[in-house]
């Protein structure tokens, strides 16, 4: 099963609709889509700056921002079935449908490791991938993704959040970070036309793996 996180910034991008359609068509029984918070989460940040309230309510508001994006995605592509928790996701996939995560299970009554702005929908997608024992995690970004970048480099550039690289180190599944213009590559991988590997790894990324360094592409260490 794949986790595909679509960045919230795609919510204003015309390329969103083809992504949703492709995942709906090919993801039945095997793909769970994680929505980003996008402008809804930006509104939470602005409100917190204005009023100065704590990170716990800001976290809950940001989770609801992701939920709003999930409803937007569902409105645009009803074939993606909303599912709010692990059991619901598994039922949806077992029924042969693609799942769209409505992440209300992340609402919190007390602070924990997730209730900080250092954790965004990127790390929450990683959290869900671990929970569900996913085969692969793909983060789809509206911004450019430099070829061959390590996760540490992407974190420094603000492409992924401040916790993602550290939390990914022991993920027992491959992780890809791709730009949204990589739709055809992801499509081909879902169809099995690339022998299970996305055709997005350029020579620099392959070289990083060969030298044993941590790259964007593969994490196959022990489970956390």
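The values are calculated or read from the model by the stated rules, or taken from the named source; none is laboratory data. From a predicted model like this one, the values you see are computed outputs, not experimental measurements. Please note: Cβ atoms are built from the backbone with ideal geometry, for glycine as well, and neighbour counts cover all protein chains shown.
Could you run through the stretch 122-157 and say how many residues are in a loop (DSSP other than H, G, I, E, B), in contact with a strand residue (DSSP E or B) (Cβ under 9 Å, 6 or more places away or on another chain) and over 13 Å from residue 179 (Cβ atoms)?
Pass one, the stretch 122-157, residues in a loop (DSSP other than H, G, I, E, B): 132-135, 142-150, 157.
Next, from what is left, pick out any that are in contact with a strand residue (DSSP E or B) (Cβ under 9 Å, 6 or more places away or on another chain): 132, 134-135, 142-145, 149.
After this cut, where a residue has to be over 13 Å from residue 179 (Cβ atoms) as well, the list is 132, 134-135.
Count: 3.
In summary, residue 53 fulfils each of the numbered conditions (1) surrounded by fewer than 18 Cβ atoms within 10 Å (Cβ to Cβ); (2) under 17 Å from the mean Cα position of the chain (by Cα) with the single exception of condition (2). The residue pairs whose first member lies in the stretch 39-52 and is over 14 Å from residue 66 (Cβ atoms), whose second member is part of a helix (DSSP H, G or I) and at pLDDT 95 or above, and whose beta carbons are closer than 7 Å, counting only pairs six or more residues apart or on different chains, are 48/58. The listed residues are 21, 11, and the only one of them that is at pLDDT 95 or above, farther than 20 Å from residue 106 by Cα and surrounded by fewer than 23 Cβ atoms within 10 Å (Cβ to Cβ) turns out to be 21. Evaluating residue 81 against the criteria (1) under 19 Å from residue 20 (Cα atoms); (2) in contact (Cβ under 8 Å) with a residue 24 or more places away in the chain leaves one unmet condition, (2).
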